[in-house]
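Below is one structure; the comments refer to it alone.
The values are calculated or read from the model by the stated rules, or taken from the named source; none is laboratory data. Predicted model, so just to flag it, every value in this text is computed and none were measured. Heads up, the Cβs are rebuilt from the backbone with ideal geometry, glycines too, and the neighbour counts pull from every protein chain shown.
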Amino acid sequence: MKKKHSVSNLGWRTLMSFVGITILSLGTAFLRGGQVGLDPFTATNTGISGHLSMSLGVYQLLANAAIFIFILIMDRHKIGIGTLLNMVLVGFEVQWFIALYQQIFGTHANIIVIISDLIIGLILFTLGASMYMGADLGVAPYDAIAPILSDRLHTQYRTIRIAQDILFMIVAYFIGGPVGVGTVIVAFFTGPLITFWDNHVSLPMRRTIDNAQDMSAGRRVGYLLTRFGKSSYDLVSRSYELTNLMQRRLSQYSPKDIEDQLKITRRNMEIAKASYQSSERRYDMLRAELQRRKKQAATGPKAVKNQTEEG
């Protein structure tokens, strides 16, 4: 029997989703600052909003609202508080963070800035995506399209999602949206990173929230603040050390060293892509088997009854 969650539990998971969306938006701003391209959906919205002389926040909200109606009709179970937070906040937060980035770092980008922003942006984007999805409060309207269509069309999720991302990338490219290597990486190679954050951040955070549900109010607050404080400190410390190490090494690299590092990174991306595709195949096999068993369970009693009547 599924455990019923308290109002406090829902509140903490909502906060987790909100923080994840904010981190995701900050990562998007770094990708934009490094001029390496945005994720396909944001890249498309950025291009169209520019042609309409409309702010990204307003246009992305309207685009999400249109997709939201589609989800509401096709499968309202995909909708939750996280869905509403994502569709309302992401566009405005990305717009605000990009303006803040430009004020602090300017608009000049050299090879060191590009590589740094790509790495930092990808880390933050995947961490934020993991956190907001790990809260289990619904998915973004754009992210709900592929699973709904795959169920309706009886097609693999991976096939639909790739087609969806490619379509949005093509549209973004032709309308002048910020498409680049970051767009491709975000579209296809983020699976392993999100899985890493799921295992090391989001799932432990979700378990901490659920474990605190049965505690008294005083103990719950202390427990959550202690656990989140330690987790946040560890995460910030590791990120700070990684950033410092990367900056120290980049300053010492010659152009040849940077070319070698790019080759290594490209090879790692190919390995990550193969790992992601393997995980997708296992996911599709398990999902197909579960659907087959559900269908068998649903039609089994009816088939037995028909056979009995015929006998």
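Data table
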read-out: Conditions (1) at pLDDT below 85; (2) not in a helix (DSSP H, G or I); (3) not polar (S, T, N, Q): number failed by P147; value: (2)
read-out: Out of T42, T22, sole residue that is hydroxyl-bearing (S, T, Y) and crowded, with 24+ Cβ neighbours inside 10 Å; value: T42
read-out: Qualifying residue in the range 92-109 (condition: of a type in the set (S, T, N, Q), modelled with pLDDT of 90 or more, in contact with a helix residue (DSSP H, G or I) (Cβ under 6 Å, 6 or more places away or on another chain) and under 30 Å from R13 (Cβ atoms)); value: yes
read-out: Complete set of residues in the range 110-120 that are touching a residue at least 40 places away in the same chain (Cβ under 8 Å) and surrounded by fewer than 16 Cβ atoms within 10 Å (Cβ to Cβ); value: I111, I112
read-out: Single residue of the range 50-74 satisfying the filter (among the β-branched types (V, I, T) and at pLDDT below 90) that is nearest to G177 (Cα to Cα); value: I71
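Table: residues versus (1) farther than 18 Å from T195 by Cα; (2) surrounded by fewer than 22 Cβ atoms within 10 Å (Cβ to Cβ).
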site: L62; (1), (2): yes, yes
site: K78; (1), (2): yes, yes
site: G106; (1), (2): yes, yes
site: A129; (1), (2): no, no
site: P141; (1), (2): yes, no
